[in-house]
1. Quickly rank 25-31, 46-52 as a protection proxy: mean count of other C-beta atoms within 10 Å, highest first.
2. For the chain, what's the relative contact order in percent, using C-alpha pairs closer than 8 Å and at least 6 residues apart?
3. Can you list the lysines whose alpha carbon sits under 17 Å from that of residue 4, skipping same-chain ones fewer than 8 residues off?
4. Quick one: net charge around residue 18, please, counting Lys, Arg +1 and Asp, Glu -1 for every other residue with C-beta under 14 Å from its C-beta.
5. For residue 77, give me every one of the aspartates and glutamates with a C-alpha distance below 14 angstrom, ignoring sequence neighbours fewer than eight places off in its own chain.
Amino acid sequence: MSEKILAAPVDDLARRFGAMIDDELFAVMELLEKASENPQQPDLDDVLPRIALTESEIEKRYPGMLLLPYRNWKQQKAAS
């Protein structure tokens, strides 16, 4: 999935979000976060717009909660 997310055109990614369940969306966000933290990531300029788009989708699904649902998902994942 990682190569597809990082290589897909941003507008295609935006369309795919509508079909994703929350776990998939959060997994995309986690992947993008890891890619942005990788000092060897060659296309950081391509990763940042995808992060912003993913953040927007999470905020659209959870109005007023910012990224709290994603952070909770990460904590639950780490605890299991």
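1. The most tightly packed comes first, giving 25-31, 46-52.
2. 27 percent
3. Hits, sequence-local ones excluded: 34.
4. For residues surrounding residue 18, the net value is -1.
5. 22, 23, 24, 30
Coordinate-derived values only; no laboratory data. Note that the structure is a prediction, hence the values are computed from the model and not measured. Virtual Cβ from ideal backbone geometry, glycine too; neighbours counted across all protein chains shown.
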